[in-house]
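Beneath this line is the structure, given in structure tokens, with notes to follow.
The values are calculated or read from the model by the stated rules, or taken from the named source; none is laboratory data. Every value quoted in this text rests on a predicted model; they were computed, and no experiment measured them. FYI the Cβ positions are ideal-geometry reconstructions off the backbone, even for glycines, and counts take in every protein chain you see. Surface areas here come from the heavy atoms of the whole protein model, side chains and all, with no ligands, DNA or RNA. Shrake-Rupley method; radii C 1.70, N 1.55, O 1.52, S 1.80 Å.
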Amino acid sequence: MSSSSFHTVTIAGGTGTLGYYVSEAFLNDGSYKVKILRKKPENENEKANLLASKGAEIVYADYNQKDDLLKALKGTDVFVSTLSGSSDLYDIQCQFLEAAKEVGVKRFIPSEFGGEYKLGTHVFTDQKAKFREELEKSGLEYTYIYNGLFQEYFAYFGFDIKNKEVTFYTDGNAKISSTCMPDIAKYTVESLKIPEARNATIRVAGATLSINEYLQKFEEATGSKWKIIEDKEVRHRFQNQIDPIPSLFDDFKVVAIENGVFEKNDNKKFSFTPRPVTEAINALVKQAQ
Ligand SMILES: NC(=O)c1ccc[n+]([C@@H]2O[C@H](COP(=O)([O-])OP(=O)(O)OC[C@H]3O[C@@H](n4cnc5c(N)ncnc54)[C@H](OP(=O)(O)O)[C@@H]3O)[C@@H](O)[C@H]2O)c1
């Protein structure tokens with residue numbers, strides 16, 4: 001399918017954390033009609049208003065009403081889901097898929113945007129893995145975008161800038177791929193122009209470094225030595241219900257870190273170079289001051 005047959009892109013969750021960047025990138029590209037799909041009841045928000053002012057059409061649907069979804073998706077060539085990785089992601093994306101098939105969507109980019117997780121890895125990521133099976137059965141073209149960790153989320157993954165300490169959930173020499181959200185958005189848009197992205201997995205990375213190497217960059221950015229807290233037992237404690245039992249979210253951090261590395265990536269298939277990770281780290285340090 002050539003990029004010239006893609007005219008209208010509908011983005012579900014386009015006002016979300018990642019979704020906003022993806023919506024903006026499609027608008028900036030200038031070659032697409034961009035629709036932002038939001039769930040009813042209608043409620044204006046700042047990001048939706050901003051995207052509308054940049055030319056996006058905001059459409060609302062009750063995701064449980066097929067007719068409503070069909071109306072909202074009519075005319076869509078590419079459907080992008082940047083919905084949050086919530087517990088109902090599988091069900092909602094299946095509803096999107098059913099409507100997408102009926103209105104003749106040509107390509108479906110589901111909400112992946114992290115590491116590659118096989119079915120059975122974690123309750124959160126199983127929502128995504130189960131949906132991939134449905135998507136592949138549907139016959140619609142698809143692209144999976146994997147980008148490792150969001151660089152804007154380093155704090156969530158253990159880097160505490162304020163207290164200048166890092167929690168190691170795994171070995172410090174373990175490598176992790178990471179990408180900033182504006183670049184993930186650009187990769188998503190450009191994937192439509194890359195023939196190898198059709199029915200394929202695209203792996204991109206702004207950086208692939210060991211945790212120790214990321215730490216060194218945080219130390220350089222803050223001009224001080226950081227304290228290392230070793231907490232490599234989280235997964236073990238979670239799985240074996242040992243006190244203090246970590247939360248599902250803490251367990252997921254470990255899963256994300258352990259599944260967040262690409263030895264090879266597809267960066268070279270794209271026209272741009274991702275932003276250096278030091279820029280993302282410097283920005284985070286500045287924000288924390
Ligand atoms: N690699 C990483 O480090 C990393 C980090 C965070 C997230 N992610 C992944 O990136 C993707 C996007 O996540 P995000 O954090 O950007 O999402 P988000 O901001 O939490 O949510 C995106 C949008 O989804 C819609 N939404 C949320 N909950 C919903 C529900 N229960 N039913 C229907 N719609 C709902 C909302 O849109 P409306 O209000 O407009 O309807 C929301 O703005 C997910 O796949 C997530 O797993 C990856």
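Taking chymotrypsin sites (Phe, Trp or Tyr not before Pro) as exposed when their DSSP state is a loop state and no more than 14 other Cβ atoms lie within 10 Å, the longest site-free interval of the chain runs over 1-155.
Over the range 128-174, the ratio between the Cα radius of gyration and 2.2 N^0.38 Å evaluates to 1.80.
Hey, what's the Cα Rg ratio for the range 35-80 versus the globular rule of thumb, 2.2 N^0.38 Å? Each step should come with its number before you reach the end.
Details: Rg = 10.8 Å, N = 46, 2.2 N^0.38 = 9.4 Å.
This ratio for the range 35-80 stands at 1.15.
With charges set only on the Cβ (+1 for Lys and Arg, -1 for Asp and Glu), what does the dipole of the chain come to about its Cα centre, in debye to the nearest 20? Write down the numbers at each step before the final one.
Details: 37 positive and 41 negative charges, 129 e Å.
Taking the Cα centre of the chain as origin, the dipole is about 620 debye.
With all protein chains present, calculate the accessible area of I109 using a 1.4 Å probe and round the result to the nearest 10 Å². Rounded to the nearest 10, the figure is 0 Å².
With the gyration tensor restricted to C-alpha atoms of the chain, the semi-axes of the equivalent ellipsoid amount to 33, 21, 18 Å, longest first.
Dipole orientation for the chain: of the candidates I36, Y146, F26, F26 has the Cα lying most toward the positive pole (charges on Cβ; Lys, Arg +1; Asp, Glu -1). Average accessible surface for the chain: 47 Å² per residue, computed with a 1.4 Å probe over protein heavy atoms with every protein chain in place.
Could you please state how large a percent of the accessible area of the range 3-146 is carbon and sulfur, counting protein chains only and using a 1.4 Å probe?
Values: 2750 of 6160 Å².
Of all accessible area on the range 3-146, carbon and sulfur atoms account for 45 percent.
If only the Cβ of Lys and Arg carry +1 and only the Cβ of Asp and Glu carry -1, the dipole of the range 179-289 around its Cα centre is close to 420 debye.
Probe radius 1.4 Å, ligands and nucleic acids ignored: give me the carbon and sulfur share of the accessible area of the range 181-235 as a rounded percent.
Numbers: 1140 of 2440 Å².
Percent of accessible area from carbon and sulfur atoms in the range 181-235: 47.
How big is the charge dipole of the range 3-146 about its Cα centre, in debye rounded to the nearest 20, if each Lys and Arg gets +1 on its Cβ and each Asp and Glu gets -1 on its Cβ? Can you show the working numbers first?
Working: 18 positive and 21 negative charges, 39 e Å.
The calculated dipole for the range 3-146 is roughly 180 debye.
Its relative contact order, with pairs defined as Cα atoms under 8 Å and 6+ residues apart, puts the chain at 18 percent. Across the range 3-146, C-alpha contacts under 8 Å between residues 6 or more apart give a mean separation that, scaled by the residue count, equals a relative contact order of 23 percent.
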